[in-house]
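Written below as structure tokens is the structure these notes are about.
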Amino acid sequence: MRRYLRVVVLCLACGFCSLLYAFSQLAVSLEEGAGGGGGKPQAAVASWLAGGGRGAVRGTGGAGPAAHPGGSGRCKDLSLCYWNPYWMLPSDVCGMNCFWEAAFRYSLKIQPVEKMHLAVVACGERLEETMTMLKSAIIFSMKPLQFHIFAEDQLHHSFKDRLDSWSFLQTFNYTLYPITFPSENAAEWKKLFKPCASQRLFLPLILKEVDSLLYVDTDILFLRPVDTIWSLLKKFNSTQIAAMAPEHEEPRIGWYNRFARHPYYGKTGVNSGVMLMNMTRMRRKYFKNDMTTVRLQWGDILMPLLKKYKLNITWGDQDLLNIVFFHNPESLFVFPCQWNYRPDHCIYGSNCQEAEEEGIFILHGNRGVYHDDKQPAFRAVYEALRNCSFEDDNIRSLLKPLELELQKTVHTYCGKIYKIFIKQLAKSVRDRYATSPKEK
């Protein structure tokens, strides 16, 4: 009887071991079948298939785990076993329980964290301003960020050095691109309004692998996590492809409704300094227009628009966007002024009710107000974020000195309502950094 019992126990043990081995091999095969090599997607390359010109990525960089893979011995000091040796672990799994690592390895590999794509165009003396904007995006955001930075060639080295010095954060990746326009009209596009400004119009055609994108001007500061405006994509209805804020809240001081010599969206036009885009929809859509009865796609409508209206437009690419959405109003999602708060909202008295109630979400220091004394409240916020480091204690201590500086600006209309400049900023600091290091 004992002999039979031993045989049964031995068979059960062998069966269990075989099951473990088969399970391990199945996990490995599933991982490989799902592309478990973990390769990074290649950076997008500008390709002017219809226009005959071309642009190429001039440099890429990273500041996340993908950019700094661990060494070959990264798991040797952990509890590993025969069934799951350290060299079989994927790069993003390095736990203590080797059995559960094997069990969940495949599920971890097929659940990538969503990245938020942020684009900016920088030319001339815009390096420091752009870096401050990027810093404000990094400090408060929850999800990882992918920066798409379009810059003149002479700025690439400086951008790379500065961004690589932030690599310890492991919360963002970046790609540097040259300034590129369709070759047959490059000179005309480049001189439109300001150098490089019209580059934003071609982002859906250059970043073909990017589904959604947030474009911002260099003089933007995020006072709330990028996640908050990114979440507005989910509020788009089936016809909406982009989101912007109104150019003015008060028609009596509006520019478009008083001076424009071309069609514009709504009552006062829209401002393109903060533009959220579903670029997949933009590339697919056929746009109504006043040049032909045939609807045109994004890549086909831009040059005819410029040729028709170039003598009538003042603000370049922003005017062209206003014309497009005048004819296609169903395609635009309009978000409130607190998402693109400019000096116009307070220079003659407060006229952004949403900001008065909830505070400013995104600050837009156009007209160079970060660098002169015309609007000291805007400059105070810019200087505070520019001088802020990434250390938690430094960010927590940001608010009190900033509030004292803002109190010195009450002689201006914007300064009189200085609390709206720090209301959402204080919330962001509390939400992200309220817990002290000892409590974490």
With label points set 7 Å from each Cα along the Cα-to-Cβ direction at GLN170 and ASP393, the distance between them in nm comes to 2.3
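As an exercise, identify the GluC sites (Glu not before Pro) in region 301-397 lying in DSSP coil whose Cβ has no more than 11 other Cβ atoms within 10 Å.
Here the sparse-neighbourhood loop sites are GLU391.
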Under the 7 Å Cα-to-Cβ spin-label approximation, LYS427 and ASP372 lie apart by a distance in nanometres of 3.3
Heavy-atom accessible area of region 116-339 with neighbours in place, 1.4 angstrom probe: carbon+sulfur share in percent works out to 53
So ASP153 and LYS308, fully extended at 0.36 nm per residue minus their Cα-Cα distance, gain in nm 52.7 nm
Taking every alpha carbon pair in region 308-401 and sorting the distances into 5 angstrom bins from 0 up to the bin holding the longest one, the percent per bin comes out as 2, 11, 15, 16, 18, 16, 10, 6, 4, 2, 0
Note to self: C-alpha centroids of region 294-316 and region 182-231 sit apart, in Å, by 17
Sorted by chain and number, the residues with a modelled amide H under 5 Å from that of ALA245, at a separation of 5 or more or across chains, are ASN271, VAL274, PHE335
Once all protein chains are kept in place, ARG283 shows an accessible area at probe 1.4 Å, nearest 10 Å², of 60
Other residues with Cβ under 13 Å from the Cβ of PRO225 give, with Lys and Arg +1 and Asp and Glu -1, a net charge of +3
So the pair-distance distribution of region 116-339, from every Cα-Cα distance in 5 Å bins, comes to percents of 1, 6, 15, 18, 20, 17, 12, 6, 3, 1, 0
Note on region 116-339, DSSP bridge orientation, antiparallel percent to nearest 5 equals 35
Loop-resident GluC sites (Glu not before Pro) in region 184-257 with no more than 14 other Cβ atoms inside 10 Å, DSSP not H/G/I/E/B, are GLU209
Long-range alpha-carbon pairs in region 207-250, meaning those over 17 Å apart, account in percent for 47
Quick calc: nm separation of the 7 Å Cα→Cβ label points for VAL334 and LEU404 -> 4.3
So for R0 = 45 Å, FRET eff. of SER350-LEU12 from the Cβ-Cβ r, to 0.05, ends up at 0.05
About its Cα centre, region 116-339 carries a charge dipole, from +1 on Lys and Arg Cβ atoms and -1 on Asp and Glu Cβ atoms, whose size in debye to the nearest 20 is 700
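From the protein chains alone at 1.4 Å, what is the descending order of accessible area for TYR341, TYR418, TYR286, largest first?
Working: TYR341 0, TYR418 30, TYR286 120 Å².
The ranking, largest first, comes out as TYR286, TYR418, TYR341.
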Ranking LYS235, LYS143 from most to least accessible area with a 1.4 Å probe gives LYS235, LYS143
Of HIS156, HIS345, ordered by accessible area with the largest first and a 1.4 Å probe, the sequence is HIS156, HIS345
Long-range alpha-carbon pairs in region 229-331, meaning those over 15 Å apart, account in percent for 63
Expected unfolding gain across TYR286-LYS194 under the 0.36 nm per residue rule, minus the alpha-carbon gap, is 30.3 nm
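The values are calculated or read from the model by the stated rules, or taken from the named source; none is laboratory data. These figures come from a predicted structure and were not determined experimentally. Neighbour counts run over all protein chains shown; Cβ positions are idealised from the backbone, glycine included. To get the accessible areas, we keep the full protein, side chains included, count just its heavy atoms, and leave off ligands, DNA and RNA. Shrake-Rupley method; radii C 1.70, N 1.55, O 1.52, S 1.80 Å.
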